[in-house]
1. How many times 2.2 N^0.38 Å is the alpha carbon radius of gyration of the stretch 16-96?
2. Quick check on the chain: helices-only [θ] at 222 nm, where DSSP H runs of length 4 and up contribute -39,500 (n - 2.57) each and the sum goes over total residues. Nearest 500, please.
3. Which helices, counted as full DSSP H runs in the chain, have an axial Cα extent of no less than 20 Å and a Kyte-Doolittle average of -0.5 or above?
4. Find the relative contact order for the chain and round it to a whole percent, using C-alpha pairs within less than 8 Å whose residues are 6+ positions apart.
Amino acid sequence: MPPEEILERAAIAFDHLGRSKTLTLGQGARIVASFRGVEPLCGDLFPADDRQLELATWMLMLISDLDGVMRRYRQLGLAGETRMADVPLLQDAIKERYRVVMDGRPAKPF
């Protein structure tokens with residue numbers, strides 16, 4: 001997937017994951033899972049901007065981290081129907097990871 005498309009889709013996903021009041025853990029897990037296996041592609045004809053490529057890579061890394069975090073919450077026994085807004089630590093983690101990327105710094109591991 002082109003880096004620009006990754007950035008656009010990931011920004012929408014992070015926004016929805018961090019701000020939705022009705023999104024459940026199950027729905028959030030499906031959003032995050034839709035990024036599994038996605039890699040930033042660069043074409044020879046239209047090479048990607050180095051900064052966009054780097055940001056897209058960071059976004060994918062953060063979403064992969066969130067995939068693991070959400071899986072851990074599910075393993076703790078939280079039902080898939082639990083609203084993500086009712087899990088403040090998860091919401092804080094999502095918002096912090098998004099801020100890190102938007103500030104242009106590489107992500108710290110969880």
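1. With N residues counted in the stretch 16-96, Rg over 2.2 N^0.38 Å equals 1.27.
2. Dividing the helical sum by the residues of the chain leaves -20500 deg cm²/dmol.
3. Long hydrophobic helices here: 3-19, 50-75, 88-102.
4. Details: 112 pairs, mean separation 43.4, N = 110.
Relative contact order here is 39 percent.
Each reported figure results from applying straightforward, stated rules to the coordinates on display, with no laboratory input. None of the values given here were measured: they were computed from a predicted structure.
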